[in-house]
1. Can you give me the relative contact order of the chain as a percent, contacts being Cα pairs under 8 Å and 6 or more apart?
2. Based on the Cβ-Cβ distance of Thr197 and Arg329, what FRET efficiency does E = 1/(1 + (r/R0)^6) give at R0 = 51 Å, to the nearest 0.05?
3. Can you tell me how the stretch 158-309 classifies by the Cα gyration tensor, rounded, prolate or oblate, using a/c under 1.5 as the rounded cut?
4. Is the shape of the stretch 41-170 best called rounded, prolate or oblate, per the rule: a/c under 1.5 gives rounded, else a/b larger than b/c gives prolate, else oblate, with a ≥ b ≥ c the square roots of the Cα gyration tensor eigenvalues?
5. Search the structure for amide H atoms under 5 Å from the amide H of Leu78, placed 1.01 Å from N in the peptide plane, and list their residues when 5 or more places away or on another chain.
6. Would you list the P(r) distribution for the chain, with all Cα-Cα distances sorted into 20 Å bins from 0 and each bin expressed as a whole %?
7. Please list, in order along the stretch 188-205, the HN-Hα scalar couplings obtained from phi with the Karplus expression 6.51 cos²θ - 1.76 cosθ + 1.60 (θ = phi - 60°), rounded to whole Hz, x for Gly and Pro.
8. Select from the stretch 206-255 those GluC sites (Glu not before Pro) which occupy a DSSP coil region and have at most 12 other Cβ atoms within 10 Å, ordered by residue number.
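The values are calculated or read from the model by the stated rules, or taken from the named source; none is laboratory data. Model, not experiment: these values are computed from the prediction. Virtual Cβ from ideal backbone geometry, glycine too; neighbours counted across all protein chains shown. Protein only, heavy atoms only, side chains kept; ligands, DNA and RNA dropped before computing areas. Shrake-Rupley method; radii C 1.70, N 1.55, O 1.52, S 1.80 Å.
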Amino acid sequence: MRVFSGIQATGAKTIGNYIGAMRQYVATQDENEGDAFFCIVDLHSITVEYDPQDLHDRTLDLAALLYAVGLDPDRCTLFCQSHVAAHAEAAWLLSAVTGFGQLGRMTQFKEKGEGREFVSAGLFTYPVLMAGDILLYQTDIVPIGDDQRQHLELSRDVAERFNSRFGETFKVPRAVYPTVGARIMDLQEPTKKMSTTASSEQGRVLVLDPPDTIRKKFRTAVTDSDREIRYLPDEKPGVSNLLEILSVATGSPIPQLEAGYDGKGYGDLKTDVGEAVVELFRPVHERYEELRADEPELRRLLGIGAEKAREASAPTLQQMYDRMGFVRR
Ligand code: AQP
C-alpha cells in the first residue's frame, strides 16, 4: 500500500501535529515498509508571511524531529518538496483541472487570509500543490489530521477530473485519520484546533517544549466549572481533549481512563496528562538533540530521500505531460 503525507516546515511542531500526523507516519511506515513517502512541504511554507532564514532552519529542525519520532531512512522515504521539481510542475498542470470556485470554498484559505492586508496567490492555490504532492506517488492512503479533510477531498476531486478528462492516470487516494486525537484542541480555547501559528503560547504544547513547560501548560489548561471527568467533546471540550491526549500518551482507552478518575478532580487529570506527555516526549527530545547536531548527516539523508522521491514520481509526471498533449522530445 503506497503511503504519502506532507508536513509544513513552519513553526515549532505541536502535540497536535504529533498525534494527528507524525505518530501515524511511524505506524504506516511500519505497516508498509519501503512504500511510505513523507514530505517536508517547504514550498507550502512560503504561502504566508515568513522569514527565509527561519524557513531554512525549521526545515532542518523538522527533518531531525521526524527522524527522532521514529521515521527510519532505511524503511521509508523522507524528503523536501523543493528538492523534487516534479511537485511544482504537477501543481501547474493540475491547476487546469481545479475549479476556482472550489478553491475559494477552502476554509483554511478563508481563515488564514482573513483580516490580512496581503494575501498571496499561493495561499489560494496551495491545495493544488498538495493534490500534486499526493497524486504524483500513486498514493493509496494519506495519514492526516481532521483539519486536512477538505483539502484531501479536493485532491480526490482533482484526480477524478483529470482521469475523466485525460484518461486514467491517478489512483484516487483515501485519507486515514487517527482513531483518537484526529483534532487536538487548543488548551486555552478548547473549541479551536491547536495550531502552530494561530494558538497562543499557553494554548499549544510543542513536542520540543522543556518538561516543566509541558507540565505548566497542562496545569493551566482550560476545563469547565463542573467537576466530573467525562468524555463529552461537545459539552466538555477541554476535559475531553485532555482525555484524548492522555489516552494517546498512555495507550489506555478513554472509558478506562474515565473510570479511573471516579472521585478525583480536574487537578489530578491535568497533572497526569502533563506527566504522561513528558514521558512520551522524553526519548524524542534525546534523539532530536543528537540528530540536529549533525547537520551534514541530515542533509545527506534528505538527499537520499529526494533521489528516491524523484525516481518514484517521474513516471507519473511524464504520463501527465503525455496525456495532456505536450510534445516532450
Ligand atoms: N490540532 C491538530 N490535531 C490533529 N492533527 C493536526 N494536524 C495539525 N494540527 C492538528 C495535522 O498535522 C499535519 C501537518 O500539518 P502542517 O504542519 O503541515 O500544517 P497544518 O495542518 O496547517 O498545521 P498547524 O499546526 O495546524 O498549522 P496552522 O494552524 O498554522 O495551519 C496535518 O496532517 C494536520 O492534519
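1. Details: 520 pairs, mean separation 73.0, N = 329.
So the answer I get is 22 percent.
2. Numbers: r = 44 Å, r/R0 = 0.85.
In this case the efficiency is close to 0.70.
3. On the way: a/c = 2.47, a/b = 1.43, b/c = 1.73.
Since a/c reaches 1.5 but b/c is at least a/b, the shape of the stretch 158-309 is classed as oblate.
4. On the way: a/c = 1.81, a/b = 1.14, b/c = 1.59.
Oblate, because a/c is 1.5 or more while a/b does not exceed b/c.
5. It is Phe38, by chain and number.
6. Spelled out bin by bin, the chain gives 31, 56, 13, 0 percent.
7. Using θ = phi - 60°, the values come out as 8, 10, x, 9, 10, 5, 5, 9, 4, 9, 8, 7, 6, 4, 6, x, 10, 9 Hz.
8. Values: sites: Glu228, Glu235, Glu244; in loops: Glu228, Glu235.
Passing both the DSSP loop test and the Cβ count: Glu235.
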